[in-house]
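Bear in mind these aren't lab numbers, they're just calculated from the coordinates by the rules spelled out. For clarity, every value in this text was computed on a predicted model and none was experimentally measured. Methodologically, a virtual Cβ is constructed for each residue, glycine included, from the backbone with ideal geometry; neighbour enumeration extends over all protein chains shown.
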Amino acid sequence: MKITLGQVFALSLLGLMLLLALLFSLVLNGTQQSILQSSRRSQMEASREIAQRVRDYLGKAEKALAQVENQVQHEAIDPRNPIAIESALFSILLSDENISEVTLTQAEMTGYDASGDIQLAPMGRGQVSVFRGIIAGETHAQTRLVTRRVSSNGKAFVVELRNRPLNGGFQAVPLVRDGESPPDPTRHLTFSTPASRDYFGQLLWSDLHWSQLDAALPEDKRRVEVSVQKAITDAHGHFVGVLRVGLLRDQIDRVTQLKLNTADQSDPHKIFVCDRQGRLITRNDPMDPVREAGDEIRVIPVQPPPEIAAALKDPSLKEIAFEPKDARVRYCRLEVNGRNYLATFRALGEKPDETQDWIVGIVVPEDYYLGALVTTQKRLLVTSLIVMAVISLCGWLILRSVKRAQSSIVRETSKMKRFEFSPSLPHAPFSDVRDVLESLEQAKTAMRAMGKYVPIDLVRQLYEKKSEPALGGELVEVSMMFTDIRGFTTFSEQMTPNALAEALGKYLEVMAHVIQHETGGTIDKYIGDAIMTIWNAPTPVRDHAQRSCRAALRCLKASQELFASPSWNNLPEFHTRFGLHKDRVMVGHFGAPSRMNYTAIGDGVNLAARLESLNKQYGTTILASQSIYDDARDAFEFRLLDCVAVKGKSQGIHVYELLGEKGKAEAMLPTVMRYEEAFAAYQKRDFAKAISILEKQPQDKPSHLLSERCKESQKNPPPKDWNGVYAAESK
């Protein structure tokens, strides 16, 4: 019986504890722990105070928003009067210098769409903002209050600005038209998200972001702010718009200036605010730049203090959570350049929706608290070295075994992340690790099986998005290919079921390889001997029309090579017909919630299937629609075959025979030219000329068919309004 990984760690930990107890029982009588606990309490109180200061600062925005909302709901101001709104926003900025901007984006609501997004009337959209404008030489306290009003003139949105002088009154200057042509303000996320059905009436905090009002400025001139927004209603419950209040991030930087020990001017505590990914919110150096990091804005320190850089990488940072309560604070010990540090992390808010998932951090050298014990610890250096040598040996032995087990798990999981599901033999020194590897093998087996039933690209997309398929689809332009085996019913009657299944399996395997691996197509479904394939979904490709043509030609070539190979066992050859069409169809998940298919539906799908069937009438192998021809004619040779109204349709479409790639179908070009000349005469009712041309190529089946049709038209001339469209009578 093999020992488990847990048992190894338990025994190793027990031995480590015994060795440590032997060493530290000589000198440590609880003093060190007491000092460390005291330091933790000090840091915990400091982090609580800093977090409260940041929350108080952010609370100013919520208070300002509530003040304006309360005035609107009690009819103290008319939300549809721009001057009244501007006056209310102006008073908010006068009353609190921490507020950087207040904006009301207005619109008339008509309802919600199926996804919960707000629907708006075309008229009545606009925006009123009052913000602090700073010019060169002015301080934050010497800001001027600027009004920016966005309205629609029926054709576009226009901007009017009221650039008040320093300490200017509400109407110190008139509104002046600005040359800026802004986009519709209701399309911004700060409007559409709070106004959606899911968040209507809720306070929504943003993370750090560039001020929307500075969008026209270069990045080094733009302000960074954090804002709260909420959809508000009037006294009658009618939607007014979305109110946004912004705060400048500079105030948050001031928390790093707090001294925990005011009596010690050399207090080494370093304070910062960061996010869960270890990216800084506050500056350690006023010269540190801010940059976009994904969807947020973060401080990118030029030369961060090494202890803060180490703290930001510590795993304890990611362990911060809101539940249970004691998970809101985490402590860790760091070693940086040979010096030990103590770090404390605290979640900024007490609830998940209170803040932007920010964290307050404090780092301090351990010897700041344990300086008196350092001398004693040095006296035990020799003993410690001996103990640590033993610990290192044990740790190395344990680590070597753990790494071997871990590498096996990491190797297999990495394969699964890369969608490599080839089978492996589970082997590990620990039984529980072996159980994990066997479970991974079962998962890989399930994924290999799933890939045989559904498109693997679709599975990869769902895996990367960490989502499950849901009923619904979207209109996508795709190229489609339908294939069918001519006379397959006869084959099925002449062969035993097992032989037929084996032959069909070999044939479909060759076809699937060409479609999926050589041309990047998605096999929608197998319908007996038929195949439905689409390109450009679920994975987008640019040249999908050309890919469909290339797939049809390569499938023909690959199937002929299969029929000529010994593995076919001299069985009768399958003759495949192809129909190609490009169109916008509905692509998505259809069926029942408990059982669905990823497929394409629509009129274009039916037309592609009809094209495949038309091969029977013309004696051709590959038929393509006008849309395929338009996109692929530069790379492939086609023959304009006919103008046909397929079964169930009244409008005619041009049908083309795909002959081959450019430069590889020269032998057919004379036949094609004569046929197309005859077809042009046929459409002009010159049936005699068409017949005389077509009689020169009696072996060409389409030419024979058109010649017979011309002869019939000579006997029974079509009506005067005949437009040259042939109505197909069968599918």
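Things worth noting here:
- For PHE90, PHE679, PHE170, order by how many other beta-carbon atoms lie within 10 Å, fewest first: PHE170, PHE90, PHE679
- For the range 665-720, the Cβ-based charge dipole about the Cα centre amounts to some 320 debye (Lys, Arg positive; Asp, Glu negative; other atoms uncharged).
- As a proxy for reagent exposure, LEU705, LEU166 were ordered by neighbouring Cβ count within 10 angstrom, fewest first; the result is LEU166, LEU705.
- Computed label-point distance, nm, for sites ALA564 and GLU62 using a 7 Å Cα→Cβ extension: 7.7
- Three-way shape label, the range 286-330, alpha-carbon gyration tensor, a/c 1.5: oblate
- In Å, descending, principal axis extents of the Cα set of the range 665-720: 38, 18, 14
- In order along the range 187-195, phi translates into HN-Hα couplings of 8, 6, 4, 5, 9, 5, 6, x, 8 Hz, rounded to whole numbers, per the Karplus curve 6.51 cos²θ - 1.76 cosθ + 1.60 with θ = phi - 60° and x for Gly and Pro.
- Dipole in debye (nearest 20) - the range 470-663, about Cα centre, beta carbon charges: Lys, Arg +1; Asp, Glu -1: 180
- Residue (of GLN67, TYR199, SER115) at the positive-pole extreme of the range 55-244, dipole from beta-carbon charges: GLN67
- Inter-label distance for ASP178 and ARG254, nm, one decimal - labels placed 7 Å from Cα along Cα-to-Cβ: 2.8
- Short to long, the 5 Å bins of the Cα pair-distance histogram for the range 470-663 hold 1, 8, 16, 19, 19, 16, 11, 6, 2, 0, 0 percent of all pairs.
- The slack in the chain from MET495 to TYR726, taken as 0.36 nm per residue of separation less the alpha-carbon distance, amounts to 79.4 nm.
- Summing Cβ point charges (Lys, Arg +1; Asp, Glu -1) relative to the Cα centre of the range 206-337 gives a dipole of roughly 160 debye.
- Subset of LYS230/LYS270; LYS525/LYS582; LYS664/LYS696; LYS525/LYS616; LYS557/LYS711 violating a 28 Å alpha-carbon distance limit: LYS230/LYS270; LYS557/LYS711
- Here's the picture: a label point sits 7 Å out from the Cα of SER713 along the beta-carbon direction, and within the range 577-619 the residues with their amide nitrogen under 19 Å of it are 617-619.
- Percentage relative contact order, the range 55-244, counting C-alpha pairs under 8 Å, at least six apart: 21
- Taking 0.36 nm per residue of sequence separation and removing the Cα-Cα distance, the LYS318/ASN98 pair yields an extension gain of 76.1 nm.
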